[in-house]
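Beneath this line is the structure, given in structure tokens, with notes to follow.
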Amino acid sequence: MSLAKPAMRGLLAKRLRFHLPIAFGLSLVAAAAFKFAVTEPRKQAYADFYKHYDSTKEFNAMREAGVFESVRPTGK
Amino acid sequence: MLATRVFRLVGNRALSTSICLRGGHGVAKVEDYTLPAYFDRRESPLPDIKFVEQLSPEQKSLKEKEKGTWAVLSKEEKIALYRISFKESFAEMNKGTGEWKSVVAGIFFFIGFTGLVVLWQRKYVYGDVPHTFDPEYKQKEVQRMLDMRINPVEGFSAKWDYENNAWKK
């Protein structure tokens, strides 16, 4: 009963050969998932918000609500 | 006297380390911890001494039989020889203890006890919350945040419908 000699060298290299492509691929997947689930929708949301944004109207609405210190609400 | 009894116990190998004659004072008493010890450990499979030191007559005859060919030893005899040399097999020494159950039980118990302490504290230690937690005050806070257009793109104010003065459906 003679057993085969076990692998004595190259153990880390063997493990890296197997795991590095997987790690690389998973990282790419994670980055792609984040891009398409988070950043693209966010960019679209900002684009949509500012497409029909009237800053003067917003300013006046905020002024009437009384949140500014530099300008008071109109009237009185 | 004590030294020779010890000598018979441990065998020749330990003799040189255990008996020392020092300048006419006699023989130093041999302490237990100075002698080779038996231990069951996975990383050192062969301890310094056999487990059973005082062999019974059957064990002595078995040891004599061991000096011959091993093919004639029965299975029980082989196991008996193993148990003379070793206390626990690898399977026995490696098996889990189930201690983790006690540990988890203790964890849950103390978490529960901490919950009781927290409840008591809330009742007997802490005073009232500040007036800023009143519902009317909170309402005014929300209104001011909406007036300031906090996070109008994706966050707070984005969920408010300014035309209809209500939260968006």
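Being of a type in the set (Asp, Glu), within 20 Å of B:Asp147 (Cβ to Cβ) and more than 9 Å from chain B (Cβ to nearest Cβ) is the filter here; which residues of the range A:18-63 pass it?
Of the residues in the range A:18-63, the ones of a type in the set (Asp, Glu) are A:40, A:48, A:54, A:58.
Narrowing the set further to residues that are within 20 Å of B:Asp147 (Cβ to Cβ) leaves A:54, A:58.
Answer for the range A:18-63, where residues must be of a type in the set (Asp, Glu), within 20 Å of B:Asp147 (Cβ to Cβ) and more than 9 Å from chain B (Cβ to nearest Cβ): just A:Asp54.
Keeping to the range B:131-147, report how many residues are among the β-branched types (Val, Ile, Thr) and more than 51 Å from the chain's Cα centre (by Cα). Don't jump to the end; show me each part of the working.
Keep residues of the range B:131-147 that are among the β-branched types (Val, Ile, Thr), which gives B:132, B:142.
From the residues that got through so far, the ones that are more than 51 Å from the chain's Cα centre (by Cα) too are B:142.
The total comes to 1.
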Of the listed residues (B:Ile19, B:Ile49), the one being of a type in the set (A, V, I, L, M) and at pLDDT 90 or above is B:Ile49
When (1) in the same structural domain as B:Asp40 (by the TED database); (2) within 36 Å of the chain's Cα centre (by Cα); (3) not basic (Lys, Arg) are applied to B:Val104, the one that fails is (1)
Residues in the range B:142-165 that are exposed (fewer than 10 other Cβ atoms within 10 Å of the Cβ) and either modelled with pLDDT of 95 or more or under 19 Å from A:Gly66 (Cα atoms) (or both) total 2
Condition set among the aliphatic types (A, V, I, L, M) and more than 10 Å from chain A (Cβ to nearest Cβ), scope the range B:148-169, selection nearest to the chain's Cα centre (by Cα): answer is B:Ile150
Only unsatisfied item for B:Gly155, checking (1) assigned to a helix (DSSP H, G or I); (2) among the small types (Gly, Ala, Ser); (3) not assigned by the TED database to the domain that holds B:Glu53, is (1)
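Kindly evaluate B:Asp128 against the criterion of being more than 30 Å from B:Leu46 (Cβ to Cβ), within 14 Å of chain A (Cβ to nearest Cβ), surrounded by fewer than 11 Cβ atoms within 10 Å (Cβ to Cβ) and modelled with pLDDT under 95. So that I can check it myself, show each step before the final result.
Details: more than 30 Å from B:Leu46 (Cβ to Cβ): yes; within 14 Å of chain A (Cβ to nearest Cβ): no; surrounded by fewer than 11 Cβ atoms within 10 Å (Cβ to Cβ): yes; modelled with pLDDT under 95: yes.
Considered against the rule, which asks whether it is more than 30 Å from B:Leu46 (Cβ to Cβ), within 14 Å of chain A (Cβ to nearest Cβ), surrounded by fewer than 11 Cβ atoms within 10 Å (Cβ to Cβ) and modelled with pLDDT under 95, B:Asp128 comes out as no.
The values are calculated or read from the model by the stated rules, or taken from the named source; none is laboratory data. It should be emphasised that the depicted structure is a prediction, and the values quoted were computed from it without experimental measurement. Cβ coordinates were reconstructed from backbone atoms using ideal geometry, including for glycine residues, and neighbour counts include every protein chain displayed.
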